[in-house]
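Structure first, then comments.
What follows is calculated from the coordinates using simple rules that are stated; it is not laboratory data. All values derive from a computational prediction rather than experimental measurement. Quick reminder, even Gly has a Cβ in these numbers, built from the backbone with ideal geometry, and neighbours come from all protein chains shown.
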Amino acid sequence: MDGGNYWEDVYRHAKTEDLPWYYAGLDADVKAAIRGLGAKRGRFLDLGTGPGTQAVGLAKLGFDVVGVDISRTAISKARARARAGNAKIRFIVDNILDTALKPKQFDFILDRGVFHTMKPEGRMRFIRTIRRLLKADGVYLMKCFSTKTPGTWGPHRFTKGMIKEYFGKYFEIVSIRDSLFQGKFGDRPKTLFCVMKPR
Ligand SMILES: C[S@@+](CC[C@H](N)C(=O)[O-])C[C@H]1O[C@@H](n2cnc3c(N)ncnc32)[C@H](O)[C@@H]1O
């Protein structure tokens with residue numbers, strides 16, 4: 001599930017509002033993390049922005065938001081959503097594993113459901129890229145499926161130990177806690193919500 005064609009197909013053929021991860025509001029964990037950090041301004045990357053709802057939510061809080069996605073159709077739909085909601089956001093088609101984004105430009109990166117779609121062989125490249133895009137005092141917010149979600153459908157699942165193992169060399173793990181994925185899933189999948197800072 002980490003190829004560009006796969007995602008382009010998804011957004012071309014589905015109504016965005018019917019996608020399992022679609023959530024109209026800003027994710028509750030993201031809201032709480034921002035509140036906890038006392039963050040009010042700064043440049044936010046909404047990585048794998050998809051429907052663009054999170055990008056719009058962040059822009060409405062006053063952040064300067066850039067939304068990127070590997071799917072051209074997702075970006076054009078997200079752009080339309082932002083326009084309809086009067087949110088000023090820069091949207092770019094970009095593959096994070098081969099990004100054209102300039103380093104050290106973001107105060108925050110939101111990854112709601114992207115890392116967990118990466119194949120094992122792409123994960124360290126993904127993590128090094130996130131680290132490179134963040135300013136030295138930046139913050140990375142990440143939500144992924146946890147091993148407490150039964151089955152093997154959809155994205156990969158992680159334990160807290162696996163997250164520490166993958167990210168620990170490049171990030172200080174500020175917090176990892178159990179949470180849920182709000183969206184259109186029947187049963188809300190169990191997730192991990194992580195706050196990290198570059199080492
Ligand atoms: C589970 S969806 C989450 C969408 C959005 N973050 C949200 O919360 O609604 C994962 C998103 O990551 C995007 N994506 C997957 N691989 C990517 C890559 N290599 N570079 C950029 N975006 C990617 C997909 O197109 C998809 O929109």
Antiparallel DSSP beta bridges within the chain, percent to nearest 5:
40
Considering all projection directions equally, how large on average is the shadow of the alpha-carbon convex hull of the stretch 84-159, in square nanometres?
6.9
Would you calculate the separation in nanometres between label points at Arg72 and Ala14, each defined as 7 Å from the Cα along the Cα-to-beta-carbon direction?
2.1
Estimated inter-spin distance, Asn5 and Thr147, nm [label 7 Å along Cα→Cβ]:
3.4
Helix-only [θ] at 222 nm, the chain, -39500 (n - 2.57) per DSSP H run of 4+, per residue, nearest 500, equals -9000 deg cm²/dmol
Taking the Cβ-Cβ separation of Leu101 and Lys169 as r and a Förster radius of 22 Å, what is the calculated FRET efficiency to the nearest 0.05?
0.55
What would the Debye formula give as log10 I(q)/I(0) at q = 0.10, 0.15, 0.16 Å⁻¹ for the alpha-carbon point model of the chain, no solvent?
-0.36, -0.88, -1.03
Between Arg43 and Ala80, what is 0.36 nm times their sequence separation minus the Cα-Cα distance? Round to one decimal in nm.
11.2 nm
Inter-probe distance in nm under a simple model that places probes 7 Å from Cα toward Cβ, at Arg177 and Met124
3.2
Determine the dipole magnitude for the chain: charges of +1 sit on the beta-carbon of Lys and Arg, -1 on that of Asp and Glu, nothing else is charged, the reference point is the Cα centre, and the result goes in debye to the nearest 20.
540
